[in-house]
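The next block holds one structure in the form of structure tokens; read it before the comments.
Here, each number is a calculation from the coordinates, and none is a lab measurement. This is a predicted model, so every value here is computed, not measured. Reconstructed Cβ throughout: ideal geometry from the backbone, glycine too, with neighbour counts over all protein chains shown.
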Number of protein chains: 2
Amino acid sequence: MPSIKDVARKAGVGIATVSRVINNSGYVKQSTREKIEKVIQEIGYVPNEIARSMLKQKNNIVAFIIPNSTHLFFGELLYHVELELFKYGYKLMVCNSSESMEKELEYLDMLKNNRVDAIILLTNNDIEQYLNKDLPLISFDRKFKDVPFVASDNYQGGILAAKKLIDLGCDHLMFIGDDAQGDSTPVQTEVTKRRLGFMSYAKEHHHSEVINIEYPLGNYINIPEQVHKTVLEHPEVDGIFAISDAVACEVILNLEKHGKRVPEDVKVIGFDGGRSFLNLGKKMTSISQSPEQIAHAIAESIHSFYANEKVENKIIPVTLTNGETA
Amino acid sequence: MPSIKDVARKAGVGIATVSRVINNSGYVKQSTREKIEKVIQEIGYVPNEIARSMLKQKNNIVAFIIPNSTHLFFGELLYHVELELFKYGYKLMVCNSSESMEKELEYLDMLKNNRVDAIILLTNNDIEQYLNKDLPLISFDRKFKDVPFVASDNYQGGILAAKKLIDLGCDHLMFIGDDAQGDSTPVQTEVTKRRLGFMSYAKEHHHSEVINIEYPLGNYINIPEQVHKTVLEHPEVDGIFAISDAVACEVILNLEKHGKRVPEDVKVIGFDGGRSFLNLGKKMTSISQSPEQIAHAIAESIHSFYANEKVENKIIPVTLTNGETA
């Protein structure tokens with residue numbers, strides 16, 4: 001008599017996925033469901049009670065894998081995602097993965113074992129091969145094949161920053177970003193498009209080459225000393241676009257420490273929204289992402305999985321927030 | 001034949017608690033366990049399979065009820081609590097309760113229903129009556145009867161702030177705090193002791209009365225305009241201790257907007273540690289709490305529940321962090 005293992009093997013999926021289909025519980029992608037149902041008919045499999053007992057009900061828990069929730073923008077996003085999911089009856093589990101891919105994999109296992117209903121992925125790690133794409137995954141700011149994603153309009157953000165600096169009369173532009181958005185790294189995220197948009201606009205509207213600094217990502221919070229040295233080695237630079245407000249802030253403080261005035265000598269634009277906590281100085285000029293809108297889109301996508309609606313990719317608009325640094 | 005209901009009724013506890021005892025699963029306070037075992041013997045109750053099937057295994061999920069994770073200190077605490085709990089094999093669920101007591105109650109129900117193993121309470125709400133104290137609860141910065149707690153040494157923090165301002169020669173002191181720490185509110189938290197320590201030291205070492213401002217707590221992030229007005233109505237004040245860095249920051253910006261110099265005219269000390277995000281101005285002088293040590297103590301306490309060790313209250317030391325505002 002054929003077993004659940006035979007079905008799984010023949011359909012090229014895991015046993016848990018077959019179990020979800022026969023118990024009609026948990027999310028399985030429509031095409032996978034059809035394939036499994038076809039195999040079940042073909043080989044004449046009859047699910048037994050033990051298979052049924054593998055069933056675990058939907059538990060309304062969603063896990064959010066996030067590099068570091070103390071990062072101001074990630075923290076805001078976490079807050080709004082929790083609020084938005086709660087409206088749909090979901091509780092949020094948080095996983096600060098920072099540089100630990102092992103921790104991410106542990107949460108992905110929880111999804112496979114039905115211990116969480118969905119996972120929100122915010123990661124730069126090289127985890128594509130570990131994703132079971134039959135299960136409910138939503139990615140933020142990164143494209144994985146066959147995984148729905150939500151992203152800010154990073155490309156437009158780059159354009160807005162370049163336009164602003166060029167309109168202000170900057171003659172020598174610089175872009176500062178980490179290597180997770182680099183030209184030569186295995187993983188490229190949607191965040192790469194901040195640089196691409198910036199470069200593209202500058203190429204069309206600007207006479208000189210843009211200097212591109214790429215540093216090792218590390219913990220997302222601090223940038224290496226080397227970046228500051230490189231900035232100071234280019235005294236001609238009068239317009240800087242940084243990959244995040246956190247980076248822009250460090251760059252500004254270091255420029256000022258070395259006698260440069262911001263924005264008089266160098267104009268600096270960050271990315272995230274210029275929102276701050278305990279800022280006793282000038283307000284940052286920044287490209288604003290909307291954590292509220294992103295959170296709403298993510299929660300809606302997770303709801304769609306279980307409402308058997310098509311889960312669409314969503315691009316969230318960004319805007320320029322004027323401050324006092326550019 | 002006596003049922004599980006009879007045991008519960010006679011022992012004055014819920015059925016779930018009896019179920020935990022007969023299945024030896026989940027945490028029940030030792031004294032409650034003994035009471036239930038005594039009742040079981042007295043009335044000759046024999047647990048049946050249905051009762052056993054009520055058993056749900058420990059699921060290694062802890063919920064953290066927190067007012068607002070975007071508050072810088074709460075956000076840091078959340079981050080470290082997640083890391084520390086993960087070392088013990090726990091996953092963290094986050095509940096931003098802000099002013100919603102209903103949301104807190106929903107999480108307390110999850111604990112009662114064995115859907116989470118423990119709850120960390122960081123709340124100013126009047127929820128004492130809803131707490132099932134037989135279950136694993138840890139409170140931060142607040143005392144509930146029979147609930148173990150972790151708190152910073154808030155009283156010592158108040159003393160350090162008063163001493164610093166008085167040593168710097170301040171003649172007219174002011175304390176600014178929210179009404180959750182007030183003299184006249186139903187709920188008083190451990191945070192109240194920031195004021196009490198400050199007042200006590202000032203009374204002994206200072207010649208004039210300390211002005212005490214108490215404002216409605218709201219969302220923890222912003223303070224009402226009225227506070228700023230009151231501050232400006234006291235131009236003689238030259239030393240301010242604020243209940244948090246967030247409050248201190250707003251007060252400093254408003255003083256500067258009205259032509260006062262900080263620290264030359266008015267010295268301001270905050271509470272939390274003066275850590276900031278995107279601060280392009282001067283560094284805050286502050287009483288530092290240690291989110292790492294607090295998180296460690298909380299995780300240890302939760303571990304103790306399930307290791308059947310006594311869960312001790314823990315007071316975490318604070319220190320003065322010198323900055324540029326006092």
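Calculate, in whole percent, how much of the Cα-Cα pair population of region B:266-326 lies beyond 15 Å.
60 percent
Mind listing P(r) for region B:73-145? All alpha-carbon pairs, 10 Å bins, whole percents.
In whole percents, the pair-distance histogram is 17, 55, 28, 1.
Given all pairs of different Cα atoms, what value in angstroms does the Kirkwood hydrodynamic radius of region A:192-326 take?
It is 16.8 Å.
I want to check the label-to-label distance for A:Ser3 and A:Glu309. Put each point 7 Å from Cα in the C-beta direction and report it in nm to one decimal.
That separation, rounded to one decimal, is 4.1 nm.
Taking only Cα atoms, what is the 0 to 90° angle, nearest 10, from helix B:245-257's long axis to the longest principal axis of chain B?
Rounded to the nearest ten degrees, it is 20.
Of A:Lys203/B:Lys282; B:Lys257/B:Lys283; B:Lys164/B:Lys283; A:Lys164/A:Lys229; A:Lys103/B:Lys58, which ones are farther than 27 Å apart at the Cα?
Violating the 27 Å Cα-Cα cut-off are A:Lys203/B:Lys282.
Would you list the P(r) distribution for chain A, with all Cα-Cα distances sorted into 20 Å bins from 0 and each bin expressed as a whole %?
30, 47, 19, 4, 0
Using all C-alpha to C-alpha distances in the protein assembly as shown, build P(r) with 10 Å bins and read off the rounded percent in each one.
Histogramming the protein assembly as shown at 10 Å steps yields 3, 14, 21, 23, 20, 12, 5, 2, 0, 0 percent.
What 222 nm value per residue comes from the helices of chain B, counting each DSSP H run with n ≥ 4 as -39,500 (n - 2.57) and dividing by all residues, nearest 500 deg cm²/dmol?
Only helices count here, giving -12000 deg cm²/dmol.
Pull up the cross-link candidates among the aspartates and glutamates for B:Lys38, meaning alpha carbon to alpha carbon under 14 Å and not fewer than 8 places away within one chain.
The reachable aspartates and glutamates, counting only those whose Cα sits under 14 Å from B:Lys38, are B:Asp6.
By how many degrees, 0 to 90 and rounded to 10, does the Cα axis of helix A:30-43 deviate from the longest principal axis of chain A?
Once rounded, the angle reads 20 degrees.
Quick check for me: using +1 on Lys/Arg Cβ and -1 on Asp/Glu Cβ, what's the dipole size of the protein assembly as shown about its Cα centre, in debye to the nearest 20?
Using Cβ point charges on Lys, Arg, Asp and Glu, the protein assembly as shown gives about 2380 debye.
Treating the angle as unsigned and between 0 and 90°, give the value, to the nearest 10°, between the Cα long axis of helix A:101-112 and the longest Cα principal axis of chain A.
With both axes taken from Cα atoms, the answer is about 40 degrees.
Given charges of +1 on the Cβ of Lys and Arg and -1 on the Cβ of Asp and Glu, with all other atoms neutral, how large is the dipole of chain B about its Cα centre, in debye to the nearest 20?
1260 debye
So which of A:Lys91/B:Lys112; A:Lys112/B:Lys5; A:Lys87/B:Lys112 end up more than 26 Å apart, counting from Cα to Cα?
Too far apart for the 26 Å limit: A:Lys112/B:Lys5.
Rounding to the nearest 20 debye, state how big the charge dipole of region B:61-150 is about its Cα centre with +1 on each Lys and Arg Cβ and -1 on each Asp and Glu Cβ.
In total the dipole reaches around 220 debye.
Using the charge dipole of chain B (Lys, Arg: +1 at Cβ; Asp, Glu: -1 at Cβ; taken about the Cα centre), state which of B:Ile138, B:His207, B:Thr325 has its Cα farthest towards the positive end.
Farthest towards the positive pole: B:Ile138.
Could you tell me the calculated FRET efficiency between B:Leu232 and A:Glu225, based on Cβ-Cβ distance and R0 = 41 angstrom, to the nearest 0.05?
For R0 = 41 Å, the calculated efficiency reads 0.45.
Once the Cα gyration tensor of region A:1-153 is found, what semi-axes does its equivalent ellipsoid get, as square roots of 5 times the eigenvalues, in whole Å, sorted largest first?
Three semi-axes, in Å: 32, 16, 13.
Just grab the label-to-label distance for B:Glu292 and A:Ser208, each label 7 Å out from Cα along the Cβ direction, in nm (one decimal).
Between B:Glu292 and A:Ser208, the label points sit 4.3 nm apart.
Pulled fully out, how much extra length does the chain show between A:Met101 and A:Glu37, if you take 0.36 nm times their separation in residues and subtract their Cα-Cα distance?
19.6 nm
Please compute the net charge surrounding A:Val7, taking Lys and Arg as +1 and Asp and Glu as -1 over other residues with Cβ under 11 Å from its Cβ.
Here the charged neighbours net out to +2.
In the calculated pair distance distribution of region A:72-209, what percentage of Cα-Cα distances lie above 23 Å?
45 percent
For a quick protection proxy, order the peptides B:164-172, B:12-20 by their average other-Cβ count within 10 Å, most packed first.
The densest-packed peptide leads the list: B:12-20, B:164-172.
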